[in-house]
Structure formats: structure tokens, C-alpha cells
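The values are calculated or read from the model by the stated rules, or taken from the named source; none is laboratory data. Quantities reported herein were computed from a predicted structural model and do not represent experimental measurements. We place every Cβ from the backbone using ideal geometry, glycine too, and count neighbours over all the protein chains shown. What goes into the accessible areas is simple: the full protein's heavy atoms, side chains included, and nothing from ligands, DNA or RNA. Shrake-Rupley method; radii C 1.70, N 1.55, O 1.52, S 1.80 Å.
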Amino acid sequence: MARSRKARADELDEVDEVDDHAGRDLEERGGWWTSPSTGSVAVATTVVRRLAWSLLICGPVLGGWAIVSQPAADTRPAVAVQPSSGGTTGPGGFAEMYVAEFLRAGEGSEGELAAFYARAADLELGGRPDATQVGQIAAVRVAEIEPGRYWSVTVAARVLEPASKDGEQAGIRMRFFQVPIEADREGGPLAALALPAEVAAPGGGTRKAKLAYGAPLSAQTSDPAVDTVSRFFGAYLSGSGDLGRYVSPGTRLSAVRPAPYQSVTVTQLSAETAFQDSDGDGRIGAPSGQEQLRLVVDVKAARPDGIARPLSYALTLSGRDGRWEVAALDSTPQIVLPDLPAAAASPSLSPTR
């Protein structure tokens, strides 16, 4: 038995020697693979295992250190709105944000409100923050007291208020607030000079504008003007037909894409007061030359789900070769003030010529 064990050991030694010679031979010939020894594999395995354990243990510690070492982020930066060159956009927008923050404010949120009104930091607010939910909010009146420096802004806010202790139910209410806004210099950052003052809804002016159009006419399919307008809005809103066929040369209009409606029907239209229905049949008729006619057109546009929506458009028709064409899609209808002459032609979304 001893001799057989010795024989096997000698054989293994011979195999190892052959392997060593073969490995050295491959290395000398530039071979691409060298078989590692059993000892080197064991050492490598031990190193990898210890490295994995080290990473597993140190990972949470390193991650926590990284989080703690980061500088604290200010999630509520100070508001520094600049007034726009237009004059009222900046103060109006600033007042909207200020009133929204004021309505949501409560105990502990004085510092957030102070971003708009510095003295708010000294207040002691009561109630839970966000007890009043703010919905739509808009500046409805901006009065410039001193050009570029001082404004009085009235803000309308739709708010969902909680139920009161006296039994009043929670509900959505429209409230109005007036705030004084200043810039420290012309073009400088804005700030509020006082807390918002709740006020009554702004009243209408003494002069009420009226549309500069006659009585509505029913849309008769035999009317050349109705035919042009119907085809135009079919192409403009539902992608039915070529829009360019119904507009005047030089007028540039693009259809709404993607088309939001499947079909469009003209229901009625009103012509400017200068129009004379000489035939008395409620039709505009065909143009006799190159005259222009301004209209307000009511349409019913059907969505893909079958629901129809009423829409109104102001547009200008122009006569050419005995037919009407759309010369402009006006941004606003024509108006007349009681003590002023007819307003000048409204700006168009596209040039007429």
C-alpha cells in the first residue's frame, strides 16, 4: 500500500512538472492562456470574498456620510420677480403668487409669506397651513400708480374653503384682494408693501362696449358667404379640404393640427353694421367687386366622441371674381363704445395682403 501511494505521488509530481513545462512553453511562444495554480486560485478567492464583505459593511456608512455631508437645500427660495417691459405682466404675476401664498398660509408658514412681504416674518398666523385650497387665480386689474415703480393690483381667486363652525358648508367661492406692489427701482425686483386687503368684486365701467355687428342671420346654405365660411372652418378645424382654396392671395393661415373636430357646422353669422341687406332675404349674397366685410360667425364643432361645442370667430371676407374669400381671422371682434366712434379695425392673426 505504501509503495502504491509513493508511486501515485511520483506520478502526480511528474504531471505537475509536465504542466509547468507546458505553461512556460506557451508563455515563451506568446500563448494567450496560462492555467493558474490551485494555490493562486485559493488566494484570489479569499481576496475577492474579503473585498465583498468590506463593501457590504462599509456601504451604508459611506452612503449615510454622503447624505449628511451635502449642504442643506433651500426648497423655498426668495421670490425675485422682475417687472416686464410690458408694464403690467410682472406686477400682476407677482400679485397672483403673493395672494395664493397668503391664502394658503397658516401657523408656522410666516417665513414663506415673508418672501413676498418682508414684515410677514413678524406675524403670528393661526390655523393649519393649506386649510384653504386655492384653485384658479388671476390679476383682474393692474393700476400703475408710478410708472415702472408702483402698482395697485386686484387679484381674483377661486378658493375651496372648509366648513365654518357656525354650520356654513364648505364650498368654492370667488374672492378678491387688492395688493400694493413696488419695485425698488425702475426695472428692479418686486415686493409687496402691505398684506392683501380683501375687497368687493370690481364693478363695471360706465361705458359698455357693444359689438359692431347687426342682428344675427341664420346660416342659409344657399348664401355664397355661408358656403365660403362653412368650407373654410371645415378645413381649419376638422381637416376637411384644402384651407388655401378659401383664403385670399397673400393671406397666411394654418389649419389647427391635429384636427380637434370631425365636423363643423355654421349656425349663424352677424355682419358689421355697415352691411345693407338690400334683398331683404337674410342673405349676404355674392360680392359685386373687391369689397371687404367683417363678420362674427358662430359654429358648432363636433368632437370625435360626438359631443358638439359652440365656438365664435371674428373674420374678414374679401370679394374676388364674384366669390368670397377669407382675408383675415381677426383676433377680436369689432366694438363700438357709446361715446366713441367705431373702434379701429382689430389686429388680425395674419396679414390681409
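Data overview
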{"read-out": "Residue within the range 166-177 that is surrounded by fewer than 14 Cβ atoms within 10 Å (Cβ to Cβ), among the acidic types (Asp, Glu) and modelled with pLDDT under 90 present", "value": "yes"}
{"read-out": "Of all residues in the range 93-110 being within 28 Å of the chain's Cα centre (by Cα) and open to solvent by 50 Å² or more (accessible area, probe 1.4 Å), the one that is farthest from Gln178 (Cα to Cα)", "value": "Arg104"}
{"read-out": "Some residue of the range 273-282 being of a type in the set (Phe, Trp, Tyr) and outside any loop (DSSP other than H, G, I, E, B)", "value": "no"}
{"read-out": "Flag if Tyr117 is farther than 20 Å from Ala200 by Cα, touching a strand residue (DSSP E or B) at 6+ places or on another chain (Cβ under 6 Å) and surrounded by fewer than 16 Cβ atoms within 10 Å (Cβ to Cβ)", "value": "no"}
{"read-out": "Residue in the range 345-352 that is at pLDDT below 95, assigned to a loop (DSSP other than H, G, I, E, B) and open to solvent by 80 Å² or more (accessible area, probe 1.4 Å) present", "value": "yes"}
{"read-out": "Lone unmet requirement of (1) surrounded by 15 or more Cβ atoms within 10 Å (Cβ to Cβ); (2) under 32 Å from the mean Cα position of the chain (by Cα); (3) outside any loop (DSSP other than H, G, I, E, B) for Gly244", "value": "(1)"}
{"read-out": "Every residue from the range 247-262 that is surrounded by 14 or more Cβ atoms within 10 Å (Cβ to Cβ) and among the polar types (S, T, N, Q)", "value": "Ser248, Thr251, Gln262"}
{"read-out": "Some residue of the range 150-163 being β-branched (Val, Ile, Thr) and touching a Ser or Thr at 6+ places or on another chain (Cβ under 7 Å)", "value": "yes"}
{"read-out": "All positions within the range 254-299 that are free of Cβ contacts under 8 Å to residues at least 60 places away in the same chain and among the β-branched types (Val, Ile, Thr)", "value": "Val256, Val264, Thr265, Val266, Thr267"}
{"read-out": "Unmet requirement for Gly187, which otherwise passes all of (1) open to solvent by less than 50 Å² (accessible area, probe 1.4 Å); (2) in contact with a strand residue (DSSP E or B) (Cβ under 7 Å, 6 or more places away or on another chain); (3) modelled with pLDDT under 90", "value": "(2)"}
{"read-out": "Selection count, the range 190-233, where residues are of a type outside the set (Asp, Glu), farther than 23 Å from Tyr246 by Cα, open to solvent by 30 Å² or more (accessible area, probe 1.4 Å) and not in a loop (DSSP other than H, G, I, E, B)", "value": "5"}
{"read-out": "Test: residue in the range 168-186 that is closer than 19 Å to Tyr117 by Cβ and among the small types (Gly, Ala, Ser)", "value": "yes"}
{"read-out": "Residues that are surrounded by 12 or more Cβ atoms within 10 Å (Cβ to Cβ) and not small (Gly, Ala, Ser), drawn from the range 129-144", "value": "Pro129, Asp130, Thr132, Gln133, Val134, Ile137, Val140, Arg141, Val142, Glu144"}
{"read-out": "Hits in the range 268-314 (condition: closer than 18 Å to Leu329 by Cβ, exposed (fewer than 15 other Cβ atoms within 10 Å of the Cβ) and of a type in the set (S, T, N, Q))", "value": "Ser312"}
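Results for (1) at pLDDT 95 or above; (2) in contact with a strand residue (DSSP E or B) (Cβ under 6 Å, 6 or more places away or on another chain); (3) more than 17 Å from Thr267 (Cα to Cα); (4) among the β-branched types (Val, Ile, Thr), shown as yes or no for each residue.
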{"site": "Arg283", "(1), (2), (3), (4)": "no, no, no, no"}
{"site": "Ser288", "(1), (2), (3), (4)": "no, no, yes, no"}
{"site": "Glu291", "(1), (2), (3), (4)": "no, yes, yes, no"}
{"site": "Val296", "(1), (2), (3), (4)": "yes, yes, no, yes"}
{"site": "Val299", "(1), (2), (3), (4)": "yes, yes, no, yes"}
{"site": "Asp305", "(1), (2), (3), (4)": "no, no, yes, no"}
{"site": "Thr316", "(1), (2), (3), (4)": "yes, yes, yes, yes"}
{"site": "Val326", "(1), (2), (3), (4)": "yes, yes, yes, yes"}
